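The values are calculated or read from the model by the stated rules, or taken from the named source; none is laboratory data. All of these numbers come straight from a predicted model, not from anything done at the bench. We place every Cβ from the backbone using ideal geometry, glycine too, and count neighbours over all the protein chains shown. Ligands, DNA and RNA are stripped out before the accessible areas are found, and what is left, the full protein with its side chains, is counted by its heavy atoms. Shrake-Rupley method; radii C 1.70, N 1.55, O 1.52, S 1.80 Å.
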Amino acid sequence: MALEMTTDTESAMNTMISARPAVSAEGETLKMRGRNVKVFYGDKQALHGVDLDIRKNQVTSLIGPSGCGKSTFLRCLNRMNDTIDICRVQGDILLDNDDVYDPHIDVVELRARVGMVFQKPNPFPKSIFENVAYGPRIHGLAQGKADLENIVASSLQRAGLFEEVKDRLDEPGTGLSGGQQQRLCIARAIAVSPEVILMDEPCSALDPIATARVEELMDELRQNYTIVIVTHSMQQAARVSQRTAFFHLGNLVEEGLTNDIFTNPNDQRTQDYITGRFG
Amino acid sequence: MFWTYAALLLLVFVTANVYGRFRAMQVAGNQLSALHSRPGYYGGYLAILAALPAFTLLIAWEIVEPRLLDTMVISAKAEIVAGLSKAELQAFLRDARAIAFGGIVAFSDAGKEQAAEVFSSLGQTSLFLKTTLILALVAGGMWYGNRTIAPAMRARHFVERTVMALLILCSAVAIFTTIGIVLSLVFESLMFFRQIPVLDFVLGTHWSPQSAFEGAGAEQGEANTEIFGAIPLLVGTMLITAIAILVAAPVGLLSAIYLSDYASTPVRAIAKPVLEILAGIPTVVYGFFAALTVAPFIRGWGESLGLSVSSESALAAGLVMGIMIIPFVSSLSDDVINAVPQSLRDGSAGLGATRSETIRRVVLPAALPGIVSALILAISRAIGETMIVVMAAGLAANMTVNPLEAVTTVTVQIVTLLVGDQEFDSAKTLAAFALGLLLFCITLALNIFALRVVKKYREQYD
């Protein structure tokens, strides 16, 4: 009872002093907050009112069986669902204190703040350099050529790809191996200096070594960025994330510290899923 | 006669097919699993053996027989046909055939009656021989096939190989027809170039072949080599094609972008077929649209600005031709733009690019090879187009790049050279073949270029 009151007071205060970042009960900053998020594809409802917080500088995993709505939720966070004509989103999603679905918000600016890495590596049919320079160019982030080259180099460095490609930045990005392509896509996302990076099963098309490389990278990246990852691999969720959210049939079943979810889940469905009884 | 035999052979084919199945089941003792192939293949095997050799013979006979008969009649009645010219000989044979086999006889005389007798006796022999041979082939095929049908016999392989041979034959027909057309173009052009030097034709700037002979009847065959310069025609063709592409490329490409990336599904479902209907309008309709609607409009508009516009102008023909080729550009470009994977669009959108930035910087570069080849196909189409320019561009071989003047094109000149009564050995007529060859070379070069562009940039995205 006392706890509920604290949360209520806090959210009331947040509304009043919108400049102050929201914090969790443990005092961690909440980078993004989903409140009662419902998503419909035509007549079919894909998400039934999800409340989920994303904590700053942590990796949050979304797990669950296929079709449970985890990717749908992820794509709500930077409004990638807008590209699907029949998709409707209800409820509130806040980035810091901005409502992501506010009609006045600029989607372009939002996606520059909340970047995305996709399931299948999708480098543009351009050179490695141009792939990374794409975002800075369209947002006008670089002052001159030298600055752009700096941004590209540092992004590739942070994505752990620079050493492998520094001598062939002019070669097409599509010529890299699958794991390198995915790191190129991560570098491309980093280049626009986002605050949050969304990753939709980023390793499902990669071999184990490339997967390990990308997982290491996620751990390094969380120093500077907030990361949300959708994954089908529970080992991966356990390895890379600090918090885990379990989705089932369009509902958020439970969310908590990764350790707790995997060793001591509250809900029977979570227990069944992580022990491989369904999904 | 031919069709009767063909129908009978079809009957043989069907019967042998049915019997072959039956026979296969019989030799297998009704054990389906004992057979190497399904029973239908044994039916096909027997049907092919029984009908195909006979059918081949029938066709060969139909092609060879008339010439053979002609030769035999001529050698049998050499004293009658001696001294006849080629045309007279043809008329003679035609009448003799008509007397012998029935038909309209122009006029008959004793010589033709005699030749007709030879024709009819030879015809009877030929018919008898043909029938006997066909029957023998059918019977032989049936006998051999019936004997060889056995459970271990690989009927499926035989049928598949025969089908493959038929497919090869069909594609060979298309290829050899093309080769034949090209060869005929080349040989007729060579005859032309024997009279007119190649360089005078390719580099000459004066075109008026209708006055090929200086004065009526003067020194037949002595063509004036100065008046077969193809350059004005090429300039006219290029001018009109350029105008057409200037219309079709932006309109077609932008409508393709709208259709593939902006239009909602219902709009696209209606707009795309409607746009493609443009391609279904007969070119002759475009032609009179250009000549009767667009040309006077341009003329009136030009006069109101104080410009002199001829009533047949390159601009009118080019504009309408551009409209005609819009569907080529838009439909093909729409296909290639749609083929760019959605993942690339998502990747760009995920970086905060707007829809137009995504199209300009990611989709169009990825689709470029396809778009180029669509444009080049449209250009070849415009270069070869005839009806619109015949009606709207004029006949005067002006060498000008002013779109408001009348120009003429290669295709228009081919039409005017070959319309009406022609003798097929004058330079004037042969010039049409040379022009055709020139046109063929240009479009061929464009097509090869387009193929190379596509090949070079293909699979940039996977």
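The sole residue among A:V37, A:V59, A:V50, A:V100 that is surrounded by 20 or more Cβ atoms within 10 Å (Cβ to Cβ), modelled with pLDDT of 85 or more and touching a Ser or Thr at 6+ places or on another chain (Cβ under 6 Å) is A:V59. Scanning the range B:343-360 for residues that are at pLDDT 90 or above and more than 8 Å from every other protein chain (Cβ to nearest Cβ) yields B:S356, B:T358, B:I359, B:R360. Picking from residues in the range B:361-371 that are open to solvent by less than 20 Å² (accessible area, probe 1.4 Å) and within 9 Å of chain A (Cβ to nearest Cβ), the one that is farthest from B:K455 (Cα to Cα) is B:V362.
Farther than 23 Å from B:N146 by Cβ, in a helix (DSSP H, G or I) and free of Cβ contacts under 8 Å to residues at least 40 places away in the same chain: does that describe B:S33? So B:S33 does not fit the description; no. Of the listed requirements (1) open to solvent by 80 Å² or more (accessible area, probe 1.4 Å); (2) more than 30 Å from B:R154 (Cα to Cα); (3) under 33 Å from the mean Cα position of the chain (by Cα), B:L10 misses just one: (2). Out of the residues in the range A:6-34 meeting the condition of being within 21 Å of A:Y101 (Cα to Cα) and assigned to a loop (DSSP other than H, G, I, E, B), tell me which one is modelled with the highest pLDDT. Among those residues, the one meeting the criterion is A:A22. The numbered conditions (1) part of a helix (DSSP H, G or I); (2) farther than 30 Å from B:G20 by Cβ are all true for B:G140 except (2).
Out of B:A115, B:A155, which single residue is buried (at least 17 other Cβ atoms within 10 Å of the Cβ) and modelled with pLDDT under 90? If you could, list the steps in order and put the result at the bottom.
Numbers: B:A155 fails: modelled with pLDDT under 90.
One residue alone meets the criteria, B:A115.
Note down all Cβ pairs under 9 Å where the first residue falls in the range B:54-66 and is within 18 Å of B:Q90 (Cα to Cα), the second is at pLDDT below 95 and open to solvent by 50 Å² or more (accessible area, probe 1.4 Å), and they're at least six residues apart or on different chains. Listed pairs, sorted by first residue: B:P66/B:R97. Being within 14 Å of chain B (Cβ to nearest Cβ), in contact with a Ser or Thr (Cβ under 9 Å, 6 or more places away or on another chain) and crowded, with 21+ Cβ neighbours inside 10 Å is true of A:I190. Scanning the range A:174-183 for residues that are within 11 Å of chain B (Cβ to nearest Cβ) and under 21 Å from A:P208 (Cβ atoms) yields a count of 2.
Sort out which residues of the range A:193-213 are among the hydrophobic types (A, V, I, L, M, F, W, C), surrounded by fewer than 24 Cβ atoms within 10 Å (Cβ to Cβ), in contact (Cβ under 8 Å) with a residue 24 or more places away in the chain and not in a loop (DSSP other than H, G, I, E, B), and write them in order of number. Spell out the reasoning first.
Of the range A:193-213, the ones among the hydrophobic types (A, V, I, L, M, F, W, C) are A:196-199, A:203, A:205-206, A:209-210, A:212.
Cutting the leftovers down to surrounded by fewer than 24 Cβ atoms within 10 Å (Cβ to Cβ) gives us A:196, A:205-206, A:209-210, A:212.
Narrowing further to those that are in contact (Cβ under 8 Å) with a residue 24 or more places away in the chain: A:196, A:205-206, A:209-210.
Answer for the range A:193-213, where residues must be among the hydrophobic types (A, V, I, L, M, F, W, C), surrounded by fewer than 24 Cβ atoms within 10 Å (Cβ to Cβ), in contact (Cβ under 8 Å) with a residue 24 or more places away in the chain and not in a loop (DSSP other than H, G, I, E, B): A:V196, A:I209, A:A210.
A search for C-beta distances below 9 Å between a residue of the range A:143-155 that is closer than 21 Å to A:G115 by Cβ and any residue that is open to solvent by 80 Å² or more (accessible area, probe 1.4 Å) and in a helix (DSSP H, G or I), counting only pairs 6+ apart in sequence or on different chains, returns A:L148/A:R137.
What do you reckon, is B:L444 away from chain A (no Cβ under 14 Å), buried (at least 16 other Cβ atoms within 10 Å of the Cβ) and at pLDDT 80 or above?
On the way: away from chain A (no Cβ under 14 Å): yes; buried (at least 16 other Cβ atoms within 10 Å of the Cβ): no; at pLDDT 80 or above: yes.
The answer is no for B:L444.
So for the range A:86-94 (the condition being open to solvent by 50 Å² or more (accessible area, probe 1.4 Å) and out of contact with any strand residue (DSSP E or B) (no Cβ under 8 Å at 6 or more places or on another chain)), does at least one residue qualify? Explain how you work it out, then say what you get.
Of the range A:86-94, the ones open to solvent by 50 Å² or more (accessible area, probe 1.4 Å) are A:86, A:88, A:90, A:92.
Cutting the leftovers down to out of contact with any strand residue (DSSP E or B) (no Cβ under 8 Å at 6 or more places or on another chain) gives us none.
Scanning the range A:86-94 turns up no residue that is open to solvent by 50 Å² or more (accessible area, probe 1.4 Å) and out of contact with any strand residue (DSSP E or B) (no Cβ under 8 Å at 6 or more places or on another chain).
Selection over the range A:134-163 of residues that are part of a helix (DSSP H, G or I) and over 21 Å from A:L110 (Cβ atoms) gives a count of 15. Scanning the range B:313-323 for residues that are in contact with a Leu (Cβ under 8 Å, 6 or more places away or on another chain) and open to solvent by 30 Å² or more (accessible area, probe 1.4 Å) returns B:L315, B:I323. Evaluating B:S343 against the criteria (1) under 30 Å from the mean Cα position of the chain (by Cα); (2) closer than 30 Å to A:G140 by Cα; (3) open to solvent by 30 Å² or more (accessible area, probe 1.4 Å) leaves one unmet condition, (1). Checked against (1) farther than 25 Å from A:S204 by Cα; (2) more than 14 Å from chain B (Cβ to nearest Cβ), A:L110 passes all but condition (2). Could you grab me the full set of residues in the range A:113-151 that are more than 11 Å from every other protein chain (Cβ to nearest Cβ) and of a type in the set (V, I, T)? Answer for the range A:113-151, where residues must be more than 11 Å from every other protein chain (Cβ to nearest Cβ) and of a type in the set (V, I, T): A:I128, A:I151. Going residue by residue through the range B:372-389, is there one that turns out to be buried (at least 16 other Cβ atoms within 10 Å of the Cβ), over 26 Å from the mean Cα position of the chain (by Cα) and either away from every other protein chain (no Cβ under 12 Å) or in contact (Cβ under 8 Å) with a residue 12 or more places away in the chain (or both)? No, that holds for no residue. Within the range A:155-173, none of the residues are within 14 Å of another protein chain (Cβ to nearest Cβ), within 29 Å of A:A238 (Cα to Cα) and open to solvent by 50 Å² or more (accessible area, probe 1.4 Å). Scan the range A:78-108 residue by residue and report those that are in a strand (DSSP E or B) and in contact with a helix residue (DSSP H, G or I) (Cβ under 7 Å, 6 or more places away or on another chain). Those that are in a strand (DSSP E or B) and in contact with a helix residue (DSSP H, G or I) (Cβ under 7 Å, 6 or more places away or on another chain): A:C87, A:V89, A:I93, A:L95. Listed conditions (1) under 18 Å from the mean Cα position of the chain (by Cα); (2) within 14 Å of chain B (Cβ to nearest Cβ) are all met by A:D92, apart from (2).
Of the residues contained in the range A:225-235, one or more are found to be open to solvent by 10 Å² or more (accessible area, probe 1.4 Å), touching a helix residue (DSSP H, G or I) at 6+ places or on another chain (Cβ under 9 Å) and in a helix (DSSP H, G or I).
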